[in-house]
Amino acid sequence: MNVVNEIKQAYYKANTVEKVIYIQVALFLLGLISQSFIENWLALKPTLAVFISQPWTLITYGFFHGNFIQLLFNLIFLFYIGNLFINFFTVKQFLSYFILGIISGGIAFLVLHPKGYLVGSSAGIMAVLVGLATKIPTYEIRFNLIGGVKLWIIAAIYVGVSLVGLDGLNSGGNIAHLGGAILGFLYTKQLQGGSDIGRFFEKFMNSIVSVFKLKKQNPLKTVHKNKNIKRKPTHKEQNVHQQKIDGILDKISKSGYESLTKAEKDFLFKAGKK
C-alpha cells in the first residue's frame, strides 16, 4: 500500500511532461494483460471502414506501445525534449503539440499506409521536437562524447531516418513520424506569425475538463470576496512580456543558452510554466 501511495504522490508532484510519461507507463502495463484488446480496439488500423467504427483510435494509438524497448526509447526522449520544450512554450502548448502530432501522424498513416496497425507516441514526440527546433534551431544540447549539437541537426537526423525508413519494416510508423514532424513545423511557424492553430484544441480540452469538475455550492453559504485576487494583465503588458521572451530567445539563438544571466534564465523558466 505504501508503494501505491508513493506512486500517487510522485504523480501529483510531477510536471505535465512527467505525468504524460506516468500515464503511458501505466497504460503499457495495463496492455500487457490483454495485447489482443489493444490491437483490436485501441490501435489505429488503415482500413477506412474500421476507422469509421473506431474513431477514438486516432488518439488512443499514441498512448500504447508494442513492446518495452519502443516505450523506453520514446519516454526517455520525451522526458528530455518535453522538459526543454516547456521552457520556451506553455504547458498547454506542449499538450497541443503532442496530441495534435499524434492525430496528424495518424492521419498520415491512414492516408498513405494500406496495411498493419499503428501504436506508439513517436508522432507526438516528433511534433514536439520539430516544433521546438523550428523555434530555437541553434540551441545546443550537450552530449558527453561529442559535445554540443544544435537542435535543428537533431531534428533533421530524426526526420532523415524516418524518410529512409519509408521502405523498411516500420514504414507505417515512419509515415506517422513525418506527419507529426510536419505538424510541429507548421504549428511553430503559425505561432511566430501570430496565429495559434492549437487554440481550438485547448478550448476543446477546457470544455471537457469543465464537464468533470463538480461544483458543490451551498446556497446558504456566506461568500467571501478576496480583494487580493490577481488581476489579468492588460494587452499592453502581455506584449511587453512577449517582447522580453523574444529578446531572450534571440540571445539564445546568437550566443547559446549559457550566455543568459541567472535572471534571464529564471524569467524564461517562469514563463514556460504559465
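The values are calculated or read from the model by the stated rules, or taken from the named source; none is laboratory data. A quick note: this is a predicted structure, and the numbers were derived from the prediction, not measured. Cβ coordinates were reconstructed from backbone atoms using ideal geometry, including for glycine residues, and neighbour counts include every protein chain displayed.
Looking only at residues in the stretch 60-97 that are under 13 Å from the mean Cα position of the chain (by Cα) and of a type in the set (A, V, I, L, M), the one that is nearest to Y22 (Cα to Cα) is L75.
Answer yes if at least one residue in the stretch 169-189 is hydrophobic (A, V, I, L, M, F, W, C), at pLDDT 80 or above and surrounded by fewer than 10 Cβ atoms within 10 Å (Cβ to Cβ), and no otherwise. So that I can check it myself, show each step before the final result.
Just the residues of the stretch 169-189 that are hydrophobic (A, V, I, L, M, F, W, C), to begin with: 169, 175-176, 178, 181-183, 185-186.
Going one step further and asking which of them are at pLDDT 80 or above, we end up with 169, 175-176, 178, 181-183, 185-186.
If we keep only those that are surrounded by fewer than 10 Cβ atoms within 10 Å (Cβ to Cβ) as well, we get 169.
Yes: the stretch 169-189 contains one or more residues that are hydrophobic (A, V, I, L, M, F, W, C), at pLDDT 80 or above and surrounded by fewer than 10 Cβ atoms within 10 Å (Cβ to Cβ).
Listed here are the residues, each with its yes/no results for (1) over 20 Å from A181 (Cα atoms); (2) buried (at least 19 other Cβ atoms within 10 Å of the Cβ).
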{"position": "V3", "(1), (2)": "yes, no"}
{"position": "K8", "(1), (2)": "yes, no"}
{"position": "I23", "(1), (2)": "yes, no"}
{"position": "I59", "(1), (2)": "no, no"}
{"position": "G62", "(1), (2)": "no, yes"}
{"position": "H65", "(1), (2)": "no, yes"}
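Among helices (runs of 4 or more DSSP H) entirely within the stretch 108-216, having at least 2 residues that are of a type in the set (K, R) singles out 199-212. For K92, state whether it is assigned by TED's automatic domain parsing to the domain that holds A181, touching a residue at least 24 places away in the same chain (Cβ under 8 Å) and part of a loop (DSSP other than H, G, I, E, B). When the stated conditions are applied, K92 does not pass them. From the list S36, S104, S121, the lone residue that is surrounded by fewer than 16 Cβ atoms within 10 Å (Cβ to Cβ) and either over 30 Å from K251 (Cα atoms) or modelled with pLDDT under 95 (or both) is S36. Evaluate the following for I146: is it loosely packed, with under 10 Cβ neighbours inside 10 Å and either more than 23 Å from L78 (Cβ to Cβ) or at pLDDT 70 or above (or both)? Yes; evaluated as a whole, the condition is true for this residue.
Are any residues in the stretch 101-129 within 11 Å of the chain's Cα centre (by Cα) and of a type outside the set (S, T, Y), and if so, which ones? Steps first, please.
If we filter the stretch 101-129 for residues that are within 11 Å of the chain's Cα centre (by Cα), which is where we start, we get 101-102, 121-129.
Scanning the stretch 101-129 gives G101, I102, A123, G124, I125, M126, A127, V128, L129.
Out of the stretch 219-274, which residues are of a type in the set (S, T, N, Q), more than 26 Å from G148 (Cα to Cα) and modelled with pLDDT under 70?
The initial filter retains those residues of the stretch 219-274 that are of a type in the set (S, T, N, Q), namely 222, 226, 228, 234, 238-239, 242-243, 253, 255, 259, 261.
Within this subset, residues satisfying the condition of being more than 26 Å from G148 (Cα to Cα) are 222, 226, 228, 234, 238-239, 242-243.
The answer is T222, N226, N228, T234, Q238, N239.
Look at the stretch 143-159: where a residue is among the β-branched types (V, I, T) and a partner is in a loop (DSSP other than H, G, I, E, B), sitting 6+ places away or on another chain with Cβ atoms under 9 Å, you get I153/P137.
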